[in-house]
1. How many residues does segment A:192-216 hold that are buried (at least 23 other Cβ atoms within 10 Å of the Cβ), closer than 17 Å to residue A:49 by Cβ and facing another protein chain (nearest Cβ under 9 Å)?
2. Being in contact (Cβ under 8 Å) with a residue 24 or more places away in the chain and either more than 7 Å from chain B (Cβ to nearest Cβ) or in contact with a strand residue (DSSP E or B) (Cβ under 9 Å, 6 or more places away or on another chain) (or both) is the filter here, so list the residues in segment A:163-177 that pass it.
3. It is to be established whether one or more residues within segment B:207-219 are at pLDDT 90 or above and in contact with a Pro (Cβ under 7 Å, 6 or more places away or on another chain).
4. Which one is surrounded by the most Cβ atoms within 10 Å (Cβ to Cβ) among residues in segment B:378-391 that are within 14 Å of another protein chain (Cβ to nearest Cβ) and either under 18 Å from residue B:421 (Cα atoms) or of a type in the set (A, V, I, L, M, F, W, C) (or both)?
5. Taking interchain pairs and intrachain pairs at least six residues apart, which have beta carbon atoms under 7 angstrom, with the first residue in segment A:262-279 and within 8 Å of chain C (Cβ to nearest Cβ) and the second buried (at least 16 other Cβ atoms within 10 Å of the Cβ) and aromatic (Phe, Trp, Tyr)?
6. Hey, among B:362, B:349, which residue is more than 10 Å from chain C (Cβ to nearest Cβ) and of a type in the set (Lys, Arg)?
7. Return the residues of segment B:277-297 that are over 24 Å from residue B:170 (Cβ atoms) and not in a strand (DSSP E or B); say none if nothing qualifies.
Amino acid sequence: MPARRVPAATSWLAGLAVAGMAVVPVVAGGYTLYLATEAMVWSLAAAALGLLVGHAGVVSLGHAAFFGIGAYSVGLLVKAGVDLWVGLGAAVLLAAAFAALTGPLALRGHGVVVLMVTLAFAQMVYSAAYRWKWLTGGDDGLALPKLGGRPELFYAASVVLVVACVAALRRLVASPYGQALEAIRQNESKARALGIPAFPYKLAAYTLSAALTGLAGGLLAIHRNFVSPHDLYWVTSATLLVMVLLGGSRGFVGAVVGATLYVFLQAWVSSRTEFWSLFLGLVLVLTILGSREGLWGLLVRRWSRRA
Amino acid sequence: MLELRVKDLFKQFGGLMALNGVSLAVRPGERRGLIGPNGAGKTTLLRVISGEMQPTRGEVWLGDRRVDGLSPEQLARLGVARTFQRSSLFPELSALQHVSLARAAATGRSGCFWEPWRPDPVGWRALQAVGLEHRAHVAAGALSHGEQRQLEIACVLAQEPKVILLDEPLAGLAGAEREQVGRLLLGLPRELTVLLIEHDLSFVQSFADRITVLHYGEVLAEGTPEEVRADPRVQEVYVGTGETASRPAPAGTAGETLLAVQDLDTGYESMRVLEGVRLQVSRGEVVAVLGRNGAGKTTLLHTLMGFLPARRGSIHMAGRDVTRLAPQDRARLGMALVPQGRRMLEGLRVEEELALASTRGRWNLERVYNLFPQLRRRRHHFSTSLSGGEQQMVAIARGLLRNPALLLMDEPSEGLSPLLVRHVREAIRSLKEEGETLLLAEQNVDLALSVADRVYVLENGRVVFAGSVEALLEQPGWMREHLGVG
Amino acid sequence: MAIPLPLVMMQLLNSLSYAMLLFLLAAGLSLIFGVARVVNLAHGAFYMMGAYLGLAAQRLLGDFWAALVLVPPAVGLAGVAAERLLLRQLHGRPLEQVLVTVGVGFILADLIRAGFGAAVRSVPPPPALSGPVELFGLIYPAYQLFVLALGVGLFVAVRVLLMRTAWGVRVRAVTADPQVAASLGIHPGRVSAVTFGVGTALAALGGMVGAPIIALAPGLDAQMTLLALIVVVIGGLGQVEGSFWSALLVGLVDGFGRLFFSQVALFLIFALMALVLALRPQGLLGRSLS
């Protein structure tokens, strides 16, 4: 018996969104399909970050590292002639390993300190990718052969993956472990007094989130046939946070909506002006000043009030 | 059933010894009350036992296992449960989720991530036991303060612990809620070993098998409730030695009304701390606000200074409505505060801290140094490195240098030795002779009555007595009941 | 080592002047954190603003020194505006404040790009300081010495300001306990706005004097923010003195790391930070954050 019923409006909106997501881009094809695939890949990473930000209360500004590690793992292994599936597996494992390694240091602090330390570690990876030209191609990035099969198929696969991951994450936060994470976010000392080992639980969530973000990074490499150090840059971390915040930091559907909105918005704005990050900055500032629950949260609330 | 033993426990914070060699043994199944004035080290002791703090020195034993140095979660798994001084819950989780989570953590199932959480039968029974089953699906943040307290106890029950540490479980509760939580505590299973901190002494006496009295981080007395009640040292700590009567306070020259408080309500989140407080201070008067710990004295002074917003009611200072003003604006209108716990400014030297507070007027550095000669000697030291008594002098001096129309003093005797308390008393008396207007919140009845013109007694956030010192002294029975060991 | 002494001395000077540049940045960041409790991730953007506005002002006024006097206070005013208009609204919500500064950083970076273009620019030192100077038989570039002197001078100045002036006492009081400070008649909001201004002005000053040392390019803002963060994390949040020693440490590790272990120089700084975090999470001179 779940304690909190999902409001009818949410599931209704979510159903509509999934249906729209699945059908429209395939019909439209071309650039729309490309962007929709891109949106799905980012959605996966945003949902993974949403687990940390919205449910474990760990605000990471370093997820670009996991994203980039995933992308470079796939890129380098595929270029070395390794099987694509092995590459994706490596993307997941290496991102998780990096999280398990840096997490103990990053999660020693709280709040703003976590944010700064995760940022610093991510920039370390970025600098490495940028400087180690012999491995990564440096600023030029890695150009890959075409990998993803037919675009429609790759898109369909990514939709299935995102839906499955969102469902799994929703199940996770509804489990005792998910409740424990919530408890840690809301009151860590009380949680520990109840016997919940806060630190290992947070580290596990951090590692899981990193693994999913690494997978997303790998998919992005396949989708774009290109890996650039820019994917590792801190703007990518901030972008992921903006997506999560746009959708309202809690609930994974929100993250998907936020990511989709972001990708299409960016494409639209970038086709008109080259000053996208000016626009991004404004969106970020206004989102934070405007509401605590994000656009998706506002939308759901308005909807349920009307219903 | 588990024995809880503490051996030679020391805990140092900077220059302050919060625990100074505390030893005590709570037998399996015993209910132990822990009392003592503010700053005696009670909560510190609890936090060291529960693993939130490491002791500077000393041992904690649970049965035949040494547990100091373990983390809170390890201790919880060993069967130690605790409640916190201020309600400590997960505001967005429902009551049922709380007890189920507490149960899952206690049984080591909180790491299960593959199946949805389920309401736990033991947790449900705990909710029933505290009478919250009809609120099972309400988020804790939306519960009343009394219900939050009940839920905390339900969590403890759901953990099925062996040892319970309760930190002021009745704080901030009144009326029916207070009675209900009190009944719940009295109904705790007898096989549990319990250590209870509580300021409601009549409750402690009805609850505890034995009582330990802590004072300046040391065990002052220990025994059955009767023995402790009869102990003159304990009486002295709480009500004072009775010196008061021999010293009538010099009659104040009460002028026009300086401070007028009307129907003031304040609180923190769901917890209402002050309710309908009315209070007046006239120019040249010394007014004392008495009450046990947790009665709302500090909250009252914080609300007057503007640290906390008033939820209802008004505060007028010299005829001007200051209810919505920021602290610095109230300071400019002539209010100053000697805060509880002294709150020295870290990184400032004594002289800097005093110069910072200085304003033009009757009090200047020279006069303050004459009042507290020790401070002149220590003026180049960091204020945080001073002893407790010296810090108190800095805090009072800071207030005086504001040359305030009204000086609010919050427990200036807290944590001070009797000698230093006498020193503070002399300082306040000389201020009074100078014609300063003081509002003094005190737990030390003796000190307060020897300096005050008028008295307000707070209980559970309400004024239960307002009148002259003489009128209060005429009712020794009432005083004992409301302020003393009872 | 087979590396000749003059090279070592040269690298020492380079490292020290670089360290002073880091100190200018980190001191501002640290001050702002101590008083306003805001981690300003737009700090590097203010550095860039200082650098580019400095260039523009030099072109306009034809004088490096006049620009050096005018530009930092102007950028400081922009900092005060950001604090008052944006951060004040989010008082007591540190994470939201940090994210807003991220947004401000993006906006400023793009505005700079719009105004000055995206090309990499190496800026020559002002003519008076472009020559070499002979010292103890070795020849040094005068500009590095100037930056070194400026850094040390500002460290002394900031310390005197904080430790010896009434304003400094106020700043320290608000850092220690804003409530008690307010009850003593100090307006904590005003002190934090001024501190924000001083902090961003220091960043801008860093940008102006740093331009001849570190070439200007898009993306430099993030790099400088990151370096300032590392210095501050190592030195202890809110500790100006900690920032100074930590900047020296980072500057020397970076400089000599490049000289002796050029492949892994970059990691040495991060390793240093990780080490400090593991052993002393509050930083070298920091107090624990609660």
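1. Adding up the residues that qualify gives 0.
2. If we filter segment A:163-177 for residues that are in contact (Cβ under 8 Å) with a residue 24 or more places away in the chain, which is where we start, we get A:163, A:165-166, A:169-170, A:172-174, A:177.
Once the filter is applied, which keeps residues that are in contact (Cβ under 8 Å) with a residue 24 or more places away in the chain and either more than 7 Å from chain B (Cβ to nearest Cβ) or in contact with a strand residue (DSSP E or B) (Cβ under 9 Å, 6 or more places away or on another chain) (or both), segment A:163-177 yields A:163, A:165, A:166, A:169, A:170, A:173.
3. Yes, segment B:207-219 contains at least one residue that is at pLDDT 90 or above and in contact with a Pro (Cβ under 7 Å, 6 or more places away or on another chain).
4. Once the filter is applied, the top-ranked residue is B:391.
5. A:277/C:106; A:278/C:106
6. B:362
7. Hits for segment B:277-297 are B:283, B:284, B:285.
Okay, residues lined up against (1) small (Gly, Ala, Ser); (2) closer than 22 Å to residue A:196 by Cα; (3) out of contact with any His (no Cβ under 6 Å at 6 or more places or on another chain):
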site	(1), (2), (3)
B:37	no, no, yes
B:67	no, yes, yes
B:83	no, yes, yes
B:87	yes, yes, yes
B:101	no, yes, yes
B:112	no, yes, yes
B:120	no, yes, yes
B:129	yes, no, yes
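The values are calculated or read from the model by the stated rules, or taken from the named source; none is laboratory data. Given the structure is predicted, the values throughout are model-derived calculations rather than measurements. Virtual Cβ from ideal backbone geometry, glycine too; neighbours counted across all protein chains shown.
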